[in-house]
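Computed from the coordinates by the stated procedures, all read-outs in this text should not be read as laboratory data. In this text the structure is predicted, and so the values were computed from the model without any measurement. Cβ placement follows ideal geometry from the backbone for every residue including glycine, while neighbour counts extend to all protein chains displayed.
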Amino acid sequence: MPIKQNLPQSPSIWRGRVFRISVLLLAITATQLSYAQSIAEQQPISDPVVDYMNAIDNVEAEYSAYSTELSDLYLGLGKSLYSREEYENARKAFQRGMQIERVNYGLNSLSQAPYLVSIADTESYLGNWDESQKALENLYTINTKAYGSSDLRMLPVLDQLLDWYMDSYKERTPKGGYSNLVISERIAARMYDIINTDMPLDDPEAPDRYRRLGYLQYFIANHIKQHGEPSESGLSISMAGSSGRPSDATTSHMHFRRGKLALEKVIESLVEQPDSTATDHALAVAELGDWYLVFGQKSSATQAYQLASDVLDTTEDPEQARAALFDAPRMIEFSMSKGSQSIQIDETQLELSMMISTYGVPKDIEVANPPESFTDKELDDLRKDVRKKRFRPKLVNGLAADAPHSMTYNQPTPKG
């Protein structure tokens, strides 16, 4: 039997041969990988700017200077230059790409939208805020010509505009930041009209949309509280029997009222949501209580908190639900940031202890284990910073009570 004679005489001999073959294959594979890596290391690193410029030259030579393929290449070139902080050249690339889109698809083509946003970004880095505004106004105009100013399809572009002005707010001086807020409020008013008219309350997007429009009013009121309202802002309102600007109290109440209406809409829309729960409703009512509290209306805040507590009676475990909502103080934040923000602890954060009053005001603020370099002035700055915050107070039997509170807090930059 020749076939049988060719087989190894024992399993150990067979396993030994298999092992040697496996080692040989691994050695060959390692050699191939090493060779491939050596070849890759010899290749020059690609420069995206040069690559885009070469591609542009090739397309122009083969087709024309207004070939449709060129607009995307100029957008990519502009983004590469932008990432290198070569803003002047990036702007030229974006403008050229937009020009090609207009030649091919018309002056009001929606396809030029990414170029307009990129131009706005680039102009802002060059300090040309008026030019940024012109680009964004153009973006709004071409969308209104496509859809009409009150169409639901305008909401995404209005979202984009609002995000842009709020994101760039922190890059501006108080006066420039206020200009951003004036424009943001106009955008928000257009959004509110569209949502209130054409978006049903049971639409899943409705609660968050109304909530964000409400938060914007706090953001504006807080800016005016910190920096005042520029006299040349153009937002002055003629009052009956008065020829001057509205007082700070009147301005604050205006933003309080607008935000309150938006947060009431949050509650109404949550009630209409098919999947919302009593806890969701209670949270929204408690948030309205927070709104009253930060604007100094404690009595209305207390009523809202009590109503939120009553709403939780319909949950499976009312006492546990109340404890989660009201057993400890919590900082009130009306953030314009989208999505949840992860909490990260680093060396710039400090452990604080304090008492929260029935009005939600922090007092007796102390730093636990402050760093050795922490000065008395830095402690004073921190206390001033924290005292500006407001907290939802602890509730006992439906009534606000003083309560201790601990938290981490970013160390504020020392003030000169």
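The table that follows gives values for the structure above.
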read-out: Listed residue pairs exceeding 31 Å between alpha carbons, taken from K79/K388; K134/K388; K225/K265; K175/K377; K298/K384; K134/K170; value: K79/K388; K134/K388
read-out: Å³ per residue enclosed by the Cα convex hull of the stretch 349-410; value: 69 Å³
read-out: Projected label distance in nm at T408 and L110, using a 7 Å step from Cα toward the beta-carbon; value: 4.4 nm
read-out: Neighbour-count order for S269, S64, S357, S118, fewest beta carbons within 10 angstrom listed first; value: S64, S357, S118, S269
read-out: Cα gyration tensor shape for the stretch 100-207, rounded if a/c is under 1.5, else prolate or oblate; value: oblate
read-out: Separation between Cα centres of the stretch 59-81 and the stretch 131-148, rounded to whole Å; value: 24 Å
read-out: Estimated dipole of the stretch 349-410 in Debye, rounded to 20 [Cβ of Lys and Arg +1, of Asp and Glu -1, Cα centre]; value: 480 debye
read-out: Extreme residue, positive dipole direction of the stretch 36-145, given options I56, Y82, N128 (C-beta unit charges); value: N128
read-out: Inter-label distance, nm, simple model (7 Å from Cα along the C-beta direction), D310/E131; value: 5.9 nm
read-out: Charge dipole (the stretch 349-410, unit charges on Cβ, about Cα centre) - positive-most of P362, M407, L352; value: P362
read-out: Peptide ranges 157-167, 220-230 listed from the most packed, as the mean C-beta count within 10 angstrom indicates; value: 157-167, 220-230
read-out: Protection-proxy order for peptides 88-97, 280-289, each taking the mean of Cβ atoms within 10 Å per residue, highest first; value: 280-289, 88-97
read-out: Burial ordering of Y74, Y87, fewest other beta-carbon atoms within 10 Å first; value: Y87, Y74
read-out: Rel. contact order, % - alpha carbon contacts under 8 angstrom, at least six apart, the stretch 349-410; value: 50 percent
read-out: Amide N of the stretch 377-405 lying under 12 Å from the label point, which is placed 7 angstrom from the Cα of M355 along Cα→Cβ; value: 402-405
read-out: Kirkwood-based Rg to Rh ratio, the stretch 47-147, C-alpha trace; value: 0.99
read-out: Least to most buried among M331, M191 (fewest other Cβ within 10 Å first); value: M331, M191
